[in-house]
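Reviewing the structure listed below.
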């Protein structure tokens, strides 16, 4: 695990260096003078309204994620919403400083008995898989809508989308009808123990629970997209179908690149410059928009998670016995 984190940091550092270099290059190439007063939508009144809306939407995001986590973790132990909320906030704190948020399960597991830590880890990754699936399902049709902008032909993108849906369907059918055989096959390979645990946890989760988890995930992703669209509007963008379709693509691309903490900020900025160029926004506005969203949805919950961990005294209580 330590070796994986070490390699992940080096990869993230390389990606971050390239990302920040691209941002600096683009900003140096931007010769026009940037002033917030030149943006028609950026007024004190609109700024206050947007900040209030963003605060409300952040709470909604955390609520959806907490309900999603409560549904997942309840398959192994009973957890009320208040405890699920604390676990999610702690996960933000431990995940933001590790490559690809690999430390997120640790923060969530701190609030459970030690025997449930492996289950919490597997369920956290399962939740991430569902989130990625939702992002892909939403983003691929957006590619079809943006073929003229992104130089993709509709037939080829339609084929990719259909192939993905076919793969997803086959996987679901395999997990549903061949669970025991697949479980026995994977059991022979020790390096795949995590996947083995994942399949076992999936087999224990009721179908309606998976459906509810996917529903909460979709609602949360919808709120995420709306947040970014609102910030882009404040900084000069108009509500156009092209921009609405670009936002899911942006989230798809940033979910692929490995990152941690400030490295994620560089990746978000460079991807946003690539996606949103040509929609009437300055490079500065684009970088400011995605940076603001990162602070709202990642940094603020992470800081709150640190406070949660400190207040309940769980970190020292759970980690200290295993150091000796």
Could you tell me whether the range 257-266 includes any residue that is over 19 Å from the mean Cα position of the chain (by Cα) and part of a helix (DSSP H, G or I)? no
Here are some conditions: (1) surrounded by 14 or more Cβ atoms within 10 Å (Cβ to Cβ); (2) at pLDDT below 90; (3) within 24 Å of residue 132 (Cβ to Cβ). Residue 41 meets all but one. Which one does it not meet? (3)
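Here's the yes/no breakdown for (1) assigned to a loop (DSSP other than H, G, I, E, B); (2) surrounded by fewer than 17 Cβ atoms within 10 Å (Cβ to Cβ):
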position: 214; (1), (2): no, yes
position: 217; (1), (2): no, no
position: 220; (1), (2): no, no
position: 224; (1), (2): no, no
position: 238; (1), (2): yes, yes
position: 242; (1), (2): no, yes
position: 247; (1), (2): no, no
position: 253; (1), (2): no, no
In the range 260-270, how many residues are crowded, with 22+ Cβ neighbours inside 10 Å and modelled with pLDDT of 75 or more? 6
Failed criterion for residue 297 (all others in (1) closer than 24 Å to residue 62 by Cα; (2) modelled with pLDDT under 85; (3) under 22 Å from the mean Cα position of the chain (by Cα) hold): (2)
So, in the range 75-96, of the ones that are touching a helix residue (DSSP H, G or I) at 6+ places or on another chain (Cβ under 8 Å) and not in a helix (DSSP H, G or I), which residue ends up farthest from residue 215 (Cα to Cα)? 96
For the range 60-69, state whether one or more residues are closer than 30 Å to residue 278 by Cβ, in a helix (DSSP H, G or I) and modelled with pLDDT of 90 or more. yes
Identify, from the list 106, 144, 123, the residue that is under 21 Å from residue 252 (Cβ atoms), at pLDDT below 90 and not in a loop (DSSP other than H, G, I, E, B). 144
Of the candidates 66, 131, the one satisfying the condition of being within 15 Å of the chain's Cα centre (by Cα), surrounded by fewer than 23 Cβ atoms within 10 Å (Cβ to Cβ) and without any contact (Cβ under 8 Å) to a residue 40 or more places away in the chain is 66
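The values are calculated or read from the model by the stated rules, or taken from the named source; none is laboratory data. All values derive from a computational prediction rather than experimental measurement. Neighbour counts are summed over all protein chains in view; Cβ atoms, including those assigned to glycine, are modelled from backbone coordinates with ideal geometry.
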